[in-house]
1. Please specify each residue of region 11-42 satisfying the condition of being part of a loop (DSSP other than H, G, I, E, B), more than 9 Å from the ligand (Cβ to nearest atom) and more than 16 Å from residue 96 (Cβ to Cβ).
2. Of all residues in region 111-134, which are assigned to a strand (DSSP E or B), within 13 Å of the ligand (Cβ to nearest atom) and surrounded by 17 or more Cβ atoms within 10 Å (Cβ to Cβ)?
3. Name the single residue that is farthest from the ligand (Cβ to nearest atom) among those in region 44-73 being touching a strand residue (DSSP E or B) at 6+ places or on another chain (Cβ under 6 Å) and part of a helix (DSSP H, G or I).
4. Can you confirm whether residue 76 is under 24 Å from residue 55 (Cβ atoms), within 16 Å of the ligand (Cβ to nearest atom) and buried (at least 17 other Cβ atoms within 10 Å of the Cβ)?
5. Could you identify the single residue in 10, 67, 59 that is in contact (Cβ under 8 Å) with a residue 12 or more places away in the chain and surrounded by fewer than 20 Cβ atoms within 10 Å (Cβ to Cβ)?
6. Suppose we filter region 74-110 for residues that are part of a helix (DSSP H, G or I) and within 23 Å of residue 20 (Cα to Cα); how many remain?
7. If I ask for residues that are closer than 23 Å to residue 29 by Cβ and more than 6 Å from the ligand (Cβ to nearest atom), which ones from region 86-98 would you list?
8. Of all residues being touching a strand residue (DSSP E or B) at 6+ places or on another chain (Cβ under 8 Å) and touching a residue at least 60 places away in the same chain (Cβ under 8 Å) in region 121-138, which is nearest to residue 93 (Cα to Cα)? Just the residue, please.
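Throughout, read-outs are computed from the coordinates displayed, never taken from laboratory work. Small disclaimer: the values here were computed from a predicted structure and weren't measured. All Cβ positions, even for glycine, are placed from backbone atoms using ideal geometry, and neighbour counts span all protein chains on display.
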Ligand SMILES: NC(=O)c1ccc[n+]([C@@H]2O[C@H](COP(=O)([O-])OP(=O)(O)OC[C@H]3O[C@@H](n4cnc5c(N)ncnc54)[C@H](OP(=O)(O)O)[C@@H]3O)[C@@H](O)[C@H]2O)c1
């Protein structure tokens, strides 16, 4: 499986059920990678999306709630066994932690920022082997650096 997410220096991926930090370039990178593919997310990540379903992608939402509101064109699944092969797993933490397995590929956007908020969601990264990273980029008008990297789960 492939995973794609952004994470701060202190491993925060979300704050108050939203992305920890939004970078336009990173959202484009996410779109470029997942375009015309299958994306799988937990119900809380689905709830957090400002626009949904994400266009030009097959959207799969994991929930154990049988009464979840069904949306035309969206695949509602109640088990990880129903995740199609070659999907992109896009979050959140609860889904990542159940799924990581050896050989999986992680596309991580590292944001050089420390977030300390009471409603933050920290993520435990699995043991991983570094594959590649991009150069450093700078968020326009802010003193925040970020880069894209790829790893294989050990
Ligand atoms: N930085 C990033 O790139 C990134 C990416 C994605 C998300 N996020 C952030 O992460 C946060 C959300 O993550 P989260 O960990 O709280 O929640 P989540 O993983 O998005 O969703 C959890 C929900 O998924 C369902 N679920 C979990 N395991 C399941 C299973 N085995 N079978 C069926 N359904 C299952 C349950 O839904 P029900 O309760 O409906 O049963 C559960 O409450 C938000 O802040 C979001 O913005 C960040």
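1. Looking only at region 11-42, we keep the residues that are part of a loop (DSSP other than H, G, I, E, B), and these are 11, 16-17, 20-23, 35-37.
From the residues that got through so far, the ones that are more than 9 Å from the ligand (Cβ to nearest atom) too are 11, 22-23, 35-37.
22, 23, 35, 36, 37, listed by residue number.
2. So the first thing to find is which residues in region 111-134 are assigned to a strand (DSSP E or B), and the list is 111, 120-122, 128-133.
Cutting the leftovers down to within 13 Å of the ligand (Cβ to nearest atom) gives us 111, 120-122.
111, 121 - these are the residues of region 111-134 that are assigned to a strand (DSSP E or B), within 13 Å of the ligand (Cβ to nearest atom) and surrounded by 17 or more Cβ atoms within 10 Å (Cβ to Cβ).
3. Restricting to residues being touching a strand residue (DSSP E or B) at 6+ places or on another chain (Cβ under 6 Å) and part of a helix (DSSP H, G or I), the top hit is 46.
4. Values: under 24 Å from residue 55 (Cβ atoms): yes; within 16 Å of the ligand (Cβ to nearest atom): yes; buried (at least 17 other Cβ atoms within 10 Å of the Cβ): yes.
Yes: the conditions hold for residue 76.
5. Numbers: 67 fails: in contact (Cβ under 8 Å) with a residue 12 or more places away in the chain; 59 fails: surrounded by fewer than 20 Cβ atoms within 10 Å (Cβ to Cβ).
Going through 10, 67, 59 in turn, the sole match is 10.
6. First, pick out the residues of region 74-110 that are part of a helix (DSSP H, G or I): 80-82, 93-99.
Restricting the remaining residues to those that are within 23 Å of residue 20 (Cα to Cα) gives 93-99.
So the count comes out to 7.
7. First, the residues of region 86-98 that are closer than 23 Å to residue 29 by Cβ: 86-93, 95-96.
Hits for region 86-98 are 86, 87, 88, 89, 96.
8. The initial filter retains those residues of region 121-138 that are touching a strand residue (DSSP E or B) at 6+ places or on another chain (Cβ under 8 Å), namely 121-123, 125-138.
With the extra rule that they be touching a residue at least 60 places away in the same chain (Cβ under 8 Å), the set shrinks to 121-123, 125, 137.
On the way: 121: 8, 122: 8, 123: 6, 125: 10, 137: 25 Å.
My answer is 123.
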